[in-house]
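Everything on this sheet refers to the single structure shown next.
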Amino acid sequence: MKDCCEIRTEIPEQQRRVLYVVLWINAAMFLVECIAGLIAQSTSLLADSEDMLGDAIVYGFSLYAISPGGIGQALAALLKGSIMAVFGVGVVIQVVVKVMRGVVPSADVMGGVGLVALAANVLCLALLWRRRTDDINMRSAWLCSVNDVAANVAVMIAAGAVAITHSGWPDIVVGLLIAAMFGSSAVTVIRDARMALRQVASPEMR
């Protein structure tokens, strides 16, 4: 998962065109899943939207003129990790509220939006397929999409379990697992970014 969170630069033009499309798909699906998750009161949809947001941020910083190395890239990574961490905390708060109120999410919304998200990530996977062997950067992006598809399938399984059991716990468990996975990535990114900032600042203080 750490490789999926790394911000890269110096991207060849052919790869750049693919990443532009993948970026906007991820950004759009973040909004769709986040709004749907709030409406349906679904933890797994909110957590999966965090996945989309994280990928969109990585692609955005990589594409929009972040200079390789130095303080700019370190600050970009720190911002990305912080946003993911805040979003992860929001998912946990939503879980606490759901448990206290005994809320059962809408299985229909979960399943429907989960299916749309799955289709979007399969499209990203197809777009990245031809470029996955170009270099380690594109392979990392392709692996991120594979992880995204797995998360989408988990959301749909949770939707089915909610529909069968009429309980919110399948949604909570899947949502927390997804949030924990990306929360761990956020902690790693923040730690590495702070270390990079100290390394950059250290020569300047001499």
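Each value in this text was obtained by applying a stated rule to the coordinates, not by laboratory testing. Not measured: the values here are computed from a predicted model. As a convention, Cβ positions derive from the backbone with ideal geometry for all residues, glycine included, and neighbour counts pool all protein chains shown.
Between Val97 and Trp169, residue separation times 0.36 nm minus the direct Cα-Cα distance comes to 24.6 nm. Label zone of Ser184 (point 7 Å out along Cα→Cβ, amide N under 20 Å): in the stretch 114-149 this covers 140-149. Phi-derived couplings, Karplus 6.51 cos²θ - 1.76 cosθ + 1.60 at θ = phi - 60°, listed residue by residue for the stretch 23-36: 4, 6, 5, 5, 5, 5, 6, 4, 4, 4, 5, 5, 5, 5 Hz, with x used for Gly and Pro. Remark: spin-label model distance Trp24-Leu75 equals 2.8 nm, labels positioned 7 Å along the Cα→Cβ axis.
Radius of gyration over Kirkwood radius for the stretch 69-206, both on Cα atoms: the Rg/Rh ratio is 1.09. Subtracting the Cα-Cα distance of Leu177 and Val116 from their residue separation scaled by 0.36 nm leaves 19.9 nm. The 3J(HN,Hα) values that the Karplus relation (6.51, -1.76, 1.60; θ = phi - 60°) gives for the stretch 80-94 are, in residue order, 4, x, 5, 4, 5, 5, 4, 5, x, 4, x, 5, 5, 4, 4 Hz. Gly and Pro appear as x. Taking trypsin sites (Lys or Arg not before Pro) across the stretch 129-197, the ones in a DSSP loop with at most 12 further Cβ atoms lying within 10 angstrom of their Cβ are Arg130. Counting pairs of alpha carbon atoms under 8 Å apart in space and at least six apart in sequence, what relative contact order in percent does the stretch 82-171 give? Answer for the stretch 82-171 is 35 percent. As a rough guide to protection, the peptides 85-98, 43-56 ranked by mean Cβ packing within 10 Å, highest first, stand as 43-56, 85-98. The 3J(HN,Hα) values that the Karplus relation (6.51, -1.76, 1.60; θ = phi - 60°) gives for the stretch 121-127 are, in residue order, 6, 5, 5, 4, 4, 5, 5 Hz. Gly and Pro appear as x.
Taking R0 as 35 Å, what FRET efficiency do you get between Ile35 and Glu13 from their Cβ-Cβ distance, rounded to the nearest 0.05?
Efficiency for this residue pair is about 0.55.
Under a Cβ-Cβ cut-off of 15 Å, what is the net charge of the residues other than Ala40 that fall near it, where Lys and Arg count +1 and Asp and Glu count -1? Combined, the nearby Lys, Arg, Asp and Glu give -2.
Subtracting the Cα-Cα distance from 0.36 nm times the residue separation, let me have the gained length for Ser82 to Arg132 in nm, one decimal.
15.2 nm
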